[in-house]
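Notes follow the structure.
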Amino acid sequence: MRHPIFVIGVVLAALAAESGVSAQPPGLATAAWKLESLMLRDGRRLAGLVLEPDTAAGDGDDDIRFAQVKRPPGRPMYVIIWGPLAAEQIAAVDRLPPAEHEQLAARVRSFLDSRQRQADAETAVRLERHDEDGPWRYDSESFTVTSTADPGTTRTAIVTLEQVFGGLETLVTAAAPAGRQNAIAVRLCGSAAEYRDVQRSLGIAIDSPAFYVPSRRLLVAGGDMPALVAGSESVDDELAAAAQRYDQLDRLLDERLKGLAGDLEQQGFPASERAAIVQRARQRWERERTAELTRIEAARRDNDATLDRARRAFRQRLAHEAWHAYADTRLRATDAVGLPVWLDEGLAQVVESAPLEAGELRLDAPDPRRLAALQESMRAGTAPRLADLVQAGQHQFLAGHAGRDGDRGRAYLAAWGLALDVAMLQPVLSPAAIVEMTKAEGDPVGVLEKLTGVAIDRYEAAWRQRILALGGTRPASPAPPAAPAPPARKPVTRGR
């Protein structure tokens, strides 16, 4: 008997093969989950989580339910629930030890519940303000928020920041503990005009929708997001009103057609001709109504898609600036100079495109848009030399923040490519190395050469080859490190 397969949900994927056990890779690449496996008698092998039988649903003691975890590199992750599978359908089962099984089960539950948990988290955020027209306020251990944006946007920003800071703590262990002494101030602006006013007050001019000021420990976000939310709600209201009008007209149709038939009868039309005219009128109305409702539904989908894109971009930018804040307040010792600018800006872009899953930021595959742009820049000969890139100051990356082309935009893009390389492709940038990099002083070229263990000219040639060899959808597969690295542990296979 064939059993149904239910696709439960989707989330962006990790860099990982679907195997039972994997050691933590060097660098910052996300380790593969340890999975259980199920071998079916028809030869199929499923990797995922063995679920307990559902006795309430009538499963037998030997039946198995199985959550297959699919993690295609660089593609959305999803979970497929199989079962109940009878014992005669199963050739072998490989289980994890109890502690690792529970860890996997918690991750799968977290994934399946992620949408509801996100909504619950946003609902649970308590906003306060001193008067009816004052800004919203929120305090946590890592940051405080002052917001003139709408409550929904404010709650989304708060939950995003909480999740990103939690993911960063898992990715790179902080050198300084969380606390009020390290808390940052977050300013959320309710309009583009207010955002520009805040920039002017700080002496900053940048087109980016968010920025971080280390000297003030201040993260500012604004732009058009609140206006987009308000506009989207207005469009939804207009579309709902239009749909309601058509519903009302539809309910009156029979009465109107009855009146039409009466008018035709008074004018002396034969019964057969009256019936044909009424039928054509009904069909014409049904075509008009169907076309209009289809247009309304398409407009609603377009409106939802536009808002979803804006929200994703807003969350990504918050994650980007959260990295800057985390590196500044939690990774840098009091007397340290901070991360080199190229590394700080490069890792911020890597974090920006990393999905959050089960509490961890997943550094899995290159951002395909950035990768394509960097490859094009390299082929055109416009990508900056690494010796120039690592010595660039903050001002040379500002255009990239706004998404502009030109020398500054290319420097920003190259910083992403270099950070991706040392963190994932040629993984020499461990969490401990990041903390050490905050203390690095002196010649920037020498700092990079110390990190990679290779002269910069040789390293640059190999780096360009690695970037150009990457495909747009392939994961960032770690290459043998340039600097010595400890040997990886051999995978462990567990049988029944």
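Here, each number is a calculation from the coordinates, and none is a lab measurement. Because the structure is a prediction, the values reported are computed rather than measured. With ideal geometry, Cβ positions are generated from the backbone for all residues, glycine too; neighbour counts draw on all protein chains shown.
Worth a mention:
- Note on E297, E169, E88: ascending count of other Cβ atoms within 10 Å places them as E88, E297, E169, the fewest first.
- Under the simplified labelling scheme, the I90-V337 pair shows an inter-label distance of 5.9 nm, with each label point 7 Å from Cα along Cα→Cβ.
- Relative to the current alpha-carbon distance between A275 and T173, full extension at 0.36 nm per residue lengthens the span by 28.8 nm.
- Burial ordering of E128, E292, fewest other beta-carbon atoms within 10 Å first: E128, E292
- FRET efficiency, 1/(1 + (r/R0)^6) with R0 51 Å, evaluated for E297 and K70 via beta carbons: 0.95
- Within straight-line cross-link reach of K34, aspartates and glutamates at Cα separation under 17 Å, skipping those fewer than 8 residues along the same chain: E18, D94, E100, E102, E357, E360, D364
- Anisotropy class of region 233-310 from Cα gyration tensor, a/c 1.5 cut: prolate
- Kirkwood Rh in Å, taken over region 269-318 so that all alpha-carbon pairs contribute: 14.1
- Computed from label points 7 Å out along Cα-Cβ, the spacing between E141 and A372 is 4.2 nm.
- Computed extension length for D133-S201: 22.3 nm, one decimal, from 0.36 nm per residue of separation with the Cα-Cα distance subtracted.
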